[in-house]
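The values are calculated or read from the model by the stated rules, or taken from the named source; none is laboratory data. Bear in mind the structure is a predicted one, so any value in this text is a computation, not a measurement. Here the Cβ positions follow ideal geometry from the backbone for every residue, glycine too, while neighbour counts run over all protein chains shown. The protein model used for the area step is the full one, side chains on, heavy atoms only, and it has no ligands, DNA or RNA in it. Shrake-Rupley method; radii C 1.70, N 1.55, O 1.52, S 1.80 Å.
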Amino acid sequence: AEDGYELWLRYHPLAAEQATIYRSHATQLIIGSATPTQTVTREELQRGLGGMLGRAPPLSDAVTSDGAIVVGTPASSPLIARLRLDTKSLGNEGYLIRSIVVNGRAATVIVGNNDIGVLYGAFHFLRLLQTNHPVDHLDLHDSPRVKVRVLDHWDNLDGSVERGYAGASIWDWFKLPDWPAPRYTDYARTNASIGINGVVLNNANANSQILTPTYLEKVAALANVFRPYGIRVYLSARFSAPIELGGLKTADPFDPQVQRWWRTKADEIYKLIPDFGGFLVKANSEGQPGPRDYGRTHADGANMLADVLAPRGGIVMWRTFVYSQANPDDRAKQAYDEFKPLDGHFRANVLLQVKNGPIDFQPREPFSPLFGAMPKTSLMMEFQITKEYLGFATHLVYLGPLYEEVLSADTMAHGKGSTVAKVIDGSLDNHALTGVAGDANVGSDQNWCGSDFNQANWYVLGRMAWNPTQSSRLIAEDWVRMTFTNDQAFVKPVVDMMMGSREAAVDYMTPLGLHHQMGPGHHYGPAPWDASESEADWRPVYYNRADSDGIGFDRSSTGSDAVAQYAPPIAAQFNDVKQTPEELLLWFHHVPWDYRMRSGQTLWYELVAHYTHGVDDVQQMRETWRHLNGYIDPERYQQAAAFLAIQEKEAQWWRDACIAYFQSLSQRPLPPGFSPPQ
Ligand code: GCW
């Protein structure tokens, strides 16, 4: 039965005609196995080609027939060295794939400067076959634009996953280090196939126990599984670990004993894991300990850890998601207020990890004002893959368009074209250390992600981390072809459905710039009326500010002035209710119910129209899917159909609850033609 376990690396037999063509381009496989990475590259090619073509090409040492595949680096393969290919531009992790004549025979070469680039090239070559791409005239080369491409697991040591909707943690701490489950290898293969090169194993709300010898041995066992796939292990470090584990009285970063404790800990880690990646730290946020507890800055804390890791090549990913009562007037301003003044104060091996928006992974937020505002600091992107605010496991929401919208946003930091993508790939201010993190949606569910469509969000995160300027539509198309079928009658409507799905969710949950209207705590389902939370800024009413006059959060100069955190041209645009993009209207402005929208309708009417539209879109998605019965296996078809039914029901719930509540304040009639809930 189809259970989604293989993700996009299915390698099922291709149609006979297609397989025949590809077989003529896969007559021999010439590849070394002198290193673990070379070996897994060979295994992957054999598995993939064997699966798709019915048999893997035989291994050989020399090109003796047309259709050989020659794989390796100039250093590992004398044959490749003799080809004198120009590989300089490929860097450490890049590759080229080229159709070329070797010994008078037509061959395909997959070449990198290092084994890992070759592995990435092998996955790309397999993808060409998986997506039905011709392979007779190849001239491809690619290399990542971002250095650190990580998944952050919010996995706890007890096996639970914070904001995880795909079952328990895949890390079976109890059986580690002695049982490195095969699933870890499949996890590594999957990540390598999309260029992920790092994994933060444990929750940012960290338990210090992960740094004890017992756990470090388990971590080392995972690192051993991941290493051949180019994946480094990172850990979330609890800032107060020197107190909890070391028995010290303080975790003050200026205290020499504290520094010594971390140095000794780092030595211990590197002895077990020579390529350990470094620490992720969530400090002074949501109750986590941090340097500010001792009157020190975030830079003081980050630099202390950076200094102990630097000699071994490790880095610190220090999160800017700081969130406490420091900014009672507007939570959206806090990260910028705390970090912007520290620009230029961080060590070279520190990456500040910035969430895409100023609040928290909402269906739509403006880009974080930190992007472009800290030219002397390396900033990395943090996207959420797990759908905490987007319907958990069941709602079909493809996040590619969200990622693309943020990455292509123009910060105007150095004039037009200063996109967030250029901040992230380091090109805007010349940073060598760059990164993208995705908060993972992986769990021990058979299909890993809670639904087959959620797998696409893992996939697109990896592909966009590799190249933040890629089109989310093209990535969706690759994913659909690899995951389901190459049948154009299926691919086209499904890609269209995915591409529209995020806007549908915005419409039925939080249209026109509304945000944080989810039930407090769990974040599932609507609660715009909720004022029960003890902290003001956990209450949906705090964010919508709806009253009898209007709705929306005034962040303009007459309100919290959060707009002033953006570069002047953007600030001016967001400050002006007329110039603010309507999709962000209520993020930045408190607007009267009768305000005239660009369509000529009142805000009230348009709000209702958006909620209605969101539900219509989901109905349309169900309809699309209904017509696709028969193109794929019944198991995966049925589950998606059932989940779409849940999504439709819950989209209606969102629409009806939100309209009912806002109408109790607006006291306006429903637009003519609006059919009230049955
Ligand atoms: O979105 C919020 C989540 C928390 C999470 C926090 C963070 C890991 O509700 O569960 O904690 O963000 O990103 O630190």
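Brief remarks on what is shown
- Some residue of segment 33-53 being among the hydrophobic types (A, V, I, L, M, F, W, C), open to solvent by less than 30 Å² (accessible area, probe 1.4 Å), over 20 Å from residue 482 (Cα atoms) and under 36 Å from the mean Cα position of the chain (by Cα): yes
- Residues that are buried (at least 21 other Cβ atoms within 10 Å of the Cβ), among the aromatic types (Phe, Trp, Tyr) and not in a loop (DSSP other than H, G, I, E, B), drawn from segment 158-188: 187
- Matching entry among 394, 386 (being open to solvent by 10 Å² or more (accessible area, probe 1.4 Å) and under 30 Å from residue 524 (Cα atoms)): 394
- Some residue of segment 411-426 being of a type in the set (A, V, I, L, M) and either in a loop (DSSP other than H, G, I, E, B) or within 16 Å of the ligand (Cβ to nearest atom) (or both): yes
- Of the residues examined, residue 361 is one that is farther than 28 Å from residue 181 by Cα and within 15 Å of the ligand (Cβ to nearest atom).
- Hits in segment 542-559 - residues which are open to solvent by 10 Å² or more (accessible area, probe 1.4 Å) and within 17 Å of residue 336 (Cβ to Cβ): 557, 559
Residue-wise test of (1) of a type outside the set (Ser, Thr, Tyr); (2) touching a residue at least 12 places away in the same chain (Cβ under 8 Å); (3) open to solvent by less than 60 Å² (accessible area, probe 1.4 Å).
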{"site": "258", "(1), (2), (3)": "yes, yes, yes"}
{"site": "262", "(1), (2), (3)": "yes, yes, yes"}
{"site": "267", "(1), (2), (3)": "yes, no, no"}
{"site": "270", "(1), (2), (3)": "no, yes, yes"}
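- Of the residues examined, residue 233 is one that is within 22 Å of residue 275 (Cα to Cα) and not in a helix (DSSP H, G or I).
- Segment 270-291, residues that are over 16 Å from residue 244 (Cβ atoms) and either among the small types (Gly, Ala, Ser) or within 16 Å of the ligand (Cβ to nearest atom) (or both): 277, 278, 280, 284, 285, 286
- Within segment 576-588, being out of contact with any strand residue (DSSP E or B) (no Cβ under 9 Å at 6 or more places or on another chain) and open to solvent by less than 70 Å² (accessible area, probe 1.4 Å) holds for 576, 580, 581, 582, 584, 587, 588.
- Of all residues in segment 198-215, those that are farther than 17 Å from residue 170 by Cα have Cβ atoms under 8 Å from Cβ atoms of residues that are assigned to a loop (DSSP other than H, G, I, E, B) and modelled with pLDDT under 95, 6 or more apart or on another chain, in 205/286.
- Residue 239 within 16 Å of the ligand (Cβ to nearest atom), under 22 Å from the mean Cα position of the chain (by Cα) and of a type in the set (Phe, Trp, Tyr): no
- Some residue of segment 290-309 being touching a residue at least 24 places away in the same chain (Cβ under 8 Å), closer than 30 Å to residue 442 by Cα and open to solvent by 10 Å² or more (accessible area, probe 1.4 Å): no
- Scan of segment 328-341 for residues that are crowded, with 19+ Cβ neighbours inside 10 Å and away from the ligand (no atom under 16 Å from the Cβ), ordered by number: 330, 333, 336
- Here segment 189-209 is the region considered, the condition is being open to solvent by 30 Å² or more (accessible area, probe 1.4 Å) and within 16 Å of the ligand (Cβ to nearest atom), and the residue that is nearest to residue 442 (Cα to Cα) is 205.
- Listed by position, the helices (runs of 4 or more DSSP H) contained in segment 237-327 that have at least 3 residues being out of contact with any Leu (no Cβ under 7 Å at 6 or more places or on another chain) are 256-272, 298-309.
- Selection of helices (runs of 4 or more DSSP H) fully inside segment 519-631 by the criterion of at least 2 residues being out of contact with any Gly (no Cβ under 8 Å at 6 or more places or on another chain) returns 540-544, 568-575, 603-626.
- Among the residues listed as 135, 101, the single one being over 16 Å from residue 195 (Cβ atoms) and open to solvent by 10 Å² or more (accessible area, probe 1.4 Å): 101
- The residue pairs whose first member lies in segment 370-390 and is under 18 Å from residue 281 (Cα atoms), whose second member is among the acidic types (Asp, Glu) and open to solvent by 10 Å² or more (accessible area, probe 1.4 Å), and whose beta carbons are closer than 7 Å, counting only pairs six or more residues apart or on different chains, are 377/343.
- Considering residues of segment 310-324 that are out of contact with any helix residue (DSSP H, G or I) (no Cβ under 7 Å at 6 or more places or on another chain) and within 16 Å of the ligand (Cβ to nearest atom) only, the residue most open to solvent (accessible area, probe 1.4 Å): 324
- Cβ-Cβ under 7 Å pairs, at least 6 apart or on other chains, segment 106-131 side surrounded by fewer than 21 Cβ atoms within 10 Å (Cβ to Cβ), far side of a type in the set (Phe, Trp, Tyr) and at pLDDT below 95: none
- Some residue of segment 479-487 being of a type in the set (S, T, N, Q) and under 17 Å from the mean Cα position of the chain (by Cα): no
- Any hit, segment 118-126, residues being of a type in the set (Gly, Ala, Ser), closer than 24 Å to residue 198 by Cβ and part of a loop (DSSP other than H, G, I, E, B): no
- Qualifying residue in segment 12-29 (condition: surrounded by 21 or more Cβ atoms within 10 Å (Cβ to Cβ) and more than 23 Å from residue 134 (Cα to Cα)): no
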